[in-house]
Structures are given as C-alpha cells and as structure tokens.
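One structure is given here, and the rest of the page talks about it.
The values are calculated or read from the model by the stated rules, or taken from the named source; none is laboratory data. Bear in mind that the values here come from a model prediction, so they are computed numbers and not experimental data. When we count neighbours, we look across all protein chains shown, and the Cβ atoms used for this are built from the backbone with ideal geometry, even at glycine. Only protein heavy atoms, including side chains, enter the accessible area calculation; ligands, DNA and RNA are left aside. Shrake-Rupley method; radii C 1.70, N 1.55, O 1.52, S 1.80 Å.
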Amino acid sequence: KGKRTMIVRYPDYYEKFACIAGACEDTCCAGWEIDLDEETYEAYQKVTGPMGERLRREIKEYELDEDEVYEAHGFRLCPDGRCPFLNEKNLCDIYRELGEDALSYVCTHTPRNYLEYGGAKEIAVSISCPEAGRLVFGQKEPVKLIETQEEGEISYEETTEEVQEAEFIKTVRDRVMDMLQDRSEPIEKRILSMLSYAQFVQQHINDGTWADMGEWQRETIQPSQESAARLMECRMKSYSQLDSINERWEKVLSGMYERYMQPENGALVYEEDWKKFRTYLKNGQGELWLEKLAVYLVYMCLARCVDGMDFLNEVKFIVTSYEMILDMECFSFAGKQGMYDLEDFSYMARIYAKEVEHSQDNLCFLAEECLFEEAYELSSLARGIQEMEKVEKNS
C-alpha cells in the first residue's frame with residue numbers, strides 16, 4: 001500500500017466526456033442510493049448556516065449489517081427517488097452553494113466506474129449517462145485504449161501470481177475487443193467467436209495452463225434447438241426478478257410482456273418484430289451500434305473476472321446483456337414504426353444500464369443465473385446469436 005506510479009487506462013472517447021449538468025435530459029441524482037464517504041460526512045457536520053442545517057437534516061445512517069452497505073451514511077431520498085439537493089432545474093444545490101469540492105466521492109465520479117488490478121486503474125464511463133451513451137454509440141472508429149501514468153494511492157497489495165493473472169486477463173480481454181472490432185465479419189459471427197474463445201480460455205484456466213495456452217483454433221459451438229422466442233421468454237423471466245430501480249424499466253418490461261408473452265401469438269409477433277428491426281439495423285448505422293454495444297460491455301465487465309478467474313461466466317453475462325438489450329431495442333423499434341436513430345438506441349441501452357450496472361444485488365443475481373440456468377448455457381446463447389444472423393440472411 002502507499003503512493004506509487006500506476007497505469008491509468010481508459011477508452012479513447014473518455015477524453016471527450018464532460019457532464020452537461022442542467023442541459024441533460026436525465027439525471028444521475030435519482031433512482032438509487034446516494035452514499036456519503038466518511039470524509040464528506042465529517043465535512044458536512046462542520047458546514048454552518050441554513051445549508052449546514054439542511055445537509056444534516058437530510059443525512060441518514062445506514063444499518064451497517066445490511067447487505068452491500070459500503071458507507072455508514074447517505075442522503076434521504078425524496079418520495080420520487082430524487083436527491084433532496086437536486087433542484088427543479090436538475091442542478092445540485094450543494095454544488096451551487098458550496099462548490100465542487102464539497103461533493104461526495106460518488107457525486108464527483110458518477111457515471112465513471114473504476115477497476116484496479118495488476119497495478120493499473122481502468123476507467124469506464126457508464127451508458128446510464130445520456131452524454132456517455134452518445135459518445136459510445138456515436139464514435140465510428142474502433143475503440144482504442146489509452147494508457148497514461150499518474151501518482152496514486154494504492155489501496156491493495158498483489159502477490160506475484162495475482163499480478164501475472166491480472167496481466168493474463170487484460171491480454172485476453174483486449175483480444176476479445178479486437179475480435180469484436182474485426183469488421184470483415186458480421187457482428188453475430190464476431191460474438192460467436194467470442195463465445196468459442198471464452199470456452200478455450202476457461203478450459204486453460206481450469207487446467208492451470210493459462211500461462212502457456214497456445215494458439216486458439218476457432219471451434220463452432222453447437223446451438224441448442226430452442227426457438228428465438230423461447231430464449232427471449234427465459235430472459236424475460238430472469239430480468240423480471242431484478243430489484244426495480246426506476247419506473248422506466250418497469251414500463252419497458254411491462255410493455256414487452258404485453259406484446260411478446262401472449263400465449264396466442266406473442267412468439268410470432270416477436271419474430272416478426274425482430275426481422276424488421278435487424279433489417280433496419282443492417283441497412284443503416286445499426287451494425288456499428290451493435291459493435292459499440294458489445295465492445296462497451298466487454299470493456300465495462302470482462303476484467304472483473306480477475307478476482308475469481310471465471311472468464312467464461314463473465315462472457316456469458318455479457319452476451320446475455322447484449323441479447324436482452326436488443327430485445328428491448330426491438331420492442332422500442334416496433335413502437336417507433338420504423339423511425340429509429342442513435343438517440344433511440346442509446347435511450348433503451350441507458351434504461352438497461354441504470355437497472356443493472358448500478359445495483360450489486362442485480363449483478364449478483366444475473367451472475368448466478370448465467371452460472372446455473374440452462375437458458376444461459378453456451379449452446380443457448382449461441383442459438384440466440386445465430387437466430388439473429390439467420391434473420392439477416394433471410395431478409
């Protein structure tokens with residue numbers, strides 16, 4: 001532990017990111033708990049005047065035996081889930097009265113995500129933020145990772161073996177990103193390659209031969225015989241069990257149930273909607289959006305497996321997320337009657353990110369589903385992706 005020079009890594013579009021505050025059509029300050037780190041909590045105890053009284057009135061103390069409690073204090077949210085300091089113009093009263101330095105850690109850094117491993121800190125920016133979504137889906141060039149160095153506080157220690165494991169995970173993660181950005185193949189074939197590669201990598205991890213695993217030879221994963229509609233129903237069953245974070249998620253899920261889960265013709269409606277949606281994507285910028293979504297999920301999620309070295313299950317979660325987001329996009333497209341653009345695509349992906357990425361409970365639940373449920377076996381995931389590819393060929 002202590003200060004040392006560390007590598008800082010981030011996707012190239014991150015350099016363009018800046019919060020647009022009150023001009024944003026959404027807000028980071030509603031929909032989930034707003035924790036206060038201990039340093040900020042202590043500082044708020046010393047603020048004088050009306051603002052100091054207001055701050056202390058709106059602070060609550062968590063029950064420290066609750067699951068997934070990271071801080072001892074947080075703000076009391078309004079009945080509509082908004083932060084009590086978020087005014088009617090979607091601006092922060094703490095920022096306006098006390099300045100940026102008075103903001104808590106979570107308020108300063110959201111929607112950024114940080115992962116430290118292998119002597120490096122990786123920064124991602126979540127598409128739960130509209131401006132981040134525009135950057136992720138609007139960039140036409142392949143994503144490149146930028147590395148810089150900075151003096152930072154190291155909050156953890158790693159053994160030599162852990163450093164080696166971290167370097168291995170980064171190497172195979174980067175190869176997956178390159179694979180997904182190989183535009184000589186349709187995006188579906190790239191994702192199928194990722195599934196095959198993940199199986200190869202995990203086998204060497206399980207055998208203890210990951211340090212010298214040799215050259216990967218692509219192998220075809222035999223798909224299950226389930227229909228695309230049946231696999232969609234399985235995803236709907238899983239995702240309907242998540243802790244709901246916002247009303248928009250509930251509205252989308254409810255609409256999908258009403259349209260696609262009818263016993264009479266829900267499956268047929270889903271398949272027809274998907275054909276129209278995939279054809280629309282293929283004829284415009286949609287293929288690029290799908291690539292950007294897949295690469296985003298890989299960068300955001302895949303290196304998290306460094307703790308347990310469960311590379312394959314993390315890839316299964318990524319593909320499950322990809323397929324569920326596309327189910328949501330397909331539903332949204334049907335309601336737009338053929339008029340669909342980057343803002344529409346980004347909006348639906350944002351609803352998913354808000355529901356899943358910012359809830360540890362939801363992430364853990366989905367990880368369990370991917371690990372044990374038959375619907376998320378490699379054969380089922382491959383079937384779903386192949387069905388998407390088949391629609392393109394038949395259109």
Item to check | For the chain, convex hull of alpha carbons as volume per residue, Å³ | outcome: 162
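Just the number: Rg to Rh for region 277-342, Cα atoms, Kirkwood Rh, two decimals.
Numbers: Rg = 14.2 Å, Rh = 13.1 Å.
Value, to two decimals: 1.09.
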Next on the checklist: Let's see if you can work this out: charge +1 on each Lys and Arg Cβ, -1 on each Asp and Glu Cβ, no other charges. What is the dipole magnitude of the chain about its Cα centre, in debye to the nearest 20?
Outcome noted: 1540
Next on the checklist: Using +1 at the C-beta of Lys and Arg and -1 at the C-beta of Asp and Glu, which of Leu242, Val295, Thr279 has the Cα lying farthest in the positive direction of the dipole of the chain?
Outcome noted: Thr279
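Using just the Cα positions, wrap region 218-332 in a convex hull and report its mean projected area in square nanometres, one decimal place. Don't skip to the end; give the middle numbers.
Numbers: hull surface 36.2 nm².
For region 218-332, the mean projected area of the Cα convex hull comes to 9.1 nm².
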Item to check | Values of log10 I(q)/I(0), in the order q = 0.14, 0.22 Å⁻¹, for region 315-372 under a Debye, Cα-only, solvent-free model | outcome: -0.43, -0.86
Next on the checklist: Could you give each residue of region 373-384 its phi-based ³J(HN,Hα) in whole Hz, using Karplus coefficients 6.51, -1.76, 1.60 with θ = phi - 60°, and x for Gly or Pro?
Outcome noted: 7, 4, 5, 10, 5, 4, 5, 6, 5, 5, 4, x
Checklist entry - Points 7 angstrom from Cα along the Cβ direction at Tyr114 and Arg218: gap in nanometres? => result 3.9
Checklist entry - Quick one: if the Förster radius is 41 Å, what FRET efficiency do Glu53 and Glu157 give, using the C-beta to C-beta distance and rounding to 0.05? => result 0.45
Item to check | Summed side-chain charge close to Tyr95 - residues other than Tyr95 whose Cβ falls under 13 Å, Lys, Arg +1, Asp, Glu -1 | outcome: -2
Checklist entry - How big is the charge dipole of region 127-282 about its Cα centre, in debye rounded to the nearest 20, if each Lys and Arg gets +1 on its Cβ and each Asp and Glu gets -1 on its Cβ? => result 1320
Item to check | Exposed-site-free run, longest, the chain (rule: trypsin sites (Lys or Arg not before Pro); DSSP loop; at most 12 other C-beta within 10 Å) | outcome: 219-395
Checklist entry - Which sequence of Thr279, Thr171 reflects their accessible areas, 1.4 Å probe, from the largest down? => result Thr171, Thr279
Checklist outcome for this item: accessible surface per residue for region 242-395, probe 1.4 Å, DNA/RNA/ligands not counted, whole Å² -> 41
Checklist entry - If you plug each phi of region 263-275 into the Karplus form 6.51 cos²θ - 1.76 cosθ + 1.60 with θ = phi - 60°, what whole-Hz ³J(HN,Hα) values come out, in order, with x for Gly and Pro? => result x, 6, 9, x, 5, 5, 4, 4, 5, 5, 4, 5, 4
Checklist entry - Which of Thr160, Val143, Gly119 sits closest to the plus end of the dipole of region 103-186, meaning its Cα is farthest towards the positive end, when Lys and Arg get +1 and Asp and Glu get -1 on the C-beta? => result Val143
Item to check | Residues whose placed amide H lies under 5 Å from that of Val125, excluding near-sequence neighbours | outcome: Asn113
Item to check | the chain - mean residue ellipticity at 222 nm from DSSP helices (-39,500 (n - 2.57) per run, n ≥ 4, rounded to 500) | outcome: -17000 deg cm²/dmol
Checklist outcome for this item: For region 122-244, inverting the pair-averaged 1/r of distinct alpha-carbon atoms gives a Kirkwood value in Å of 18.4
Next on the checklist: Quick one: the Cα spread of region 265-395 along its three principal axes, in angstroms, biggest first?
Outcome noted: 44, 29, 25
Checklist entry - Of Met51, Gly335, Met309, which is farthest along the charge dipole of the chain in the positive direction, counting Lys and Arg as +1 and Asp and Glu as -1 at C-beta? => result Gly335
Checklist entry - So, with +1 on the Cβ of K and R and -1 on the Cβ of D and E, and no other charges, what is the size of the charge dipole of region 33-131 about its Cα centre, to the nearest 20 debye? => result 540
Next on the checklist: Sort Ile146, Ile187 by heavy-atom solvent-accessible area, probe 1.4 angstrom, most to least.
Outcome noted: Ile146, Ile187
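Which loop GluC sites (Glu not before Pro) in region 230-315, with loop taken from DSSP, have no more than 11 other Cβ atoms within 10 angstrom of their Cβ?
Those that pass, being in a loop and sparsely packed, are Glu264.
So what is the relative contact order for the chain, in percent, with contacts set as C-alpha pairs under 8 Å and at least six apart?
Details: 483 pairs, mean separation 85.4, N = 395.
With pairs under 8 Å counted, the relative contact order is 22 percent.
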Next on the checklist: I need the GluC sites (Glu not before Pro) found in region 140-174, filtered to DSSP loop residues with at most 14 other beta carbons within 10 Å of theirs.
Outcome noted: Glu157
Next on the checklist: In whole percent, and with a 1.4 Å probe on the protein chains, what portion of the accessible area of the chain is carbon and sulfur?
Outcome noted: 47
Item to check | Solvent-accessible surface (1.4 angstrom probe) belonging to Ser193, in square angstrom, nearest 10 | outcome: 0
Checklist entry - Which far-off residues, 5 or more places away or on another chain, put their amide H under 5 Å from the one on Asp37, with H placed in the peptide plane? => result Tyr105, Val106
